[in-house]
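Peer 1: Following this message is one structure expressed as structure tokens.
What follows is calculated from the coordinates using simple rules that are stated; it is not laboratory data. Because the structure is predicted, anything quoted here is derived from the model rather than measured. With ideal geometry, Cβ positions are generated from the backbone for all residues, glycine too; neighbour counts draw on all protein chains shown.
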Amino acid sequence: MHASRAIVDLFAAYLLKKGLISPGAQINHRWFKSKSVAERFPEFDNKQEIFEKMIKLELLCEDLTYGAPRPEEKIKEAVLLFNEIESKLEYGEE
């Protein structure tokens, strides 16, 4: 679950840096269970791809957290998704 929450924090930092949200804006990781989450946010580079991966990560993390024990490959998949999203956000660059 930490991967999903952490990527939402990075996403918020990205949006703040781009001036697309105001300081103090709240973004809930639970919003990323549905494709309709994209309607809550303005357009930005790679929006479709980022949201698809964030939704996949949220659902995967929820399954890993609350479901029956899962194989190690599912954990590796979550880590890879996190890294892919992080690289797309480029939150630290102008």
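Peer 1: So if R0 is 30 Å, what FRET efficiency would residue 2 and residue 47 give, r being the distance between their Cβ atoms, rounded to the nearest 0.05?
Peer 2: 0.80
Peer 1: Would you compute, from DSSP H runs of 4+ residues alone, the mean residue ellipticity of the chain at 222 nm, taking -39500 (n - 2.57) per run and dividing by the full residue count, rounded to the nearest 500?
Peer 2: Numbers: 3 runs with 54 residues, N = 94.
Helices in the chain give a 222 nm mean residue ellipticity of -19500 deg cm²/dmol.
Peer 1: Quick one: 79, 8, fewest Cβ neighbours within 10 Å first, how do they rank?
Peer 2: On the way: 79 11, 8 20.
Sorted ascending by nearby Cβ count, the order is 79, 8.
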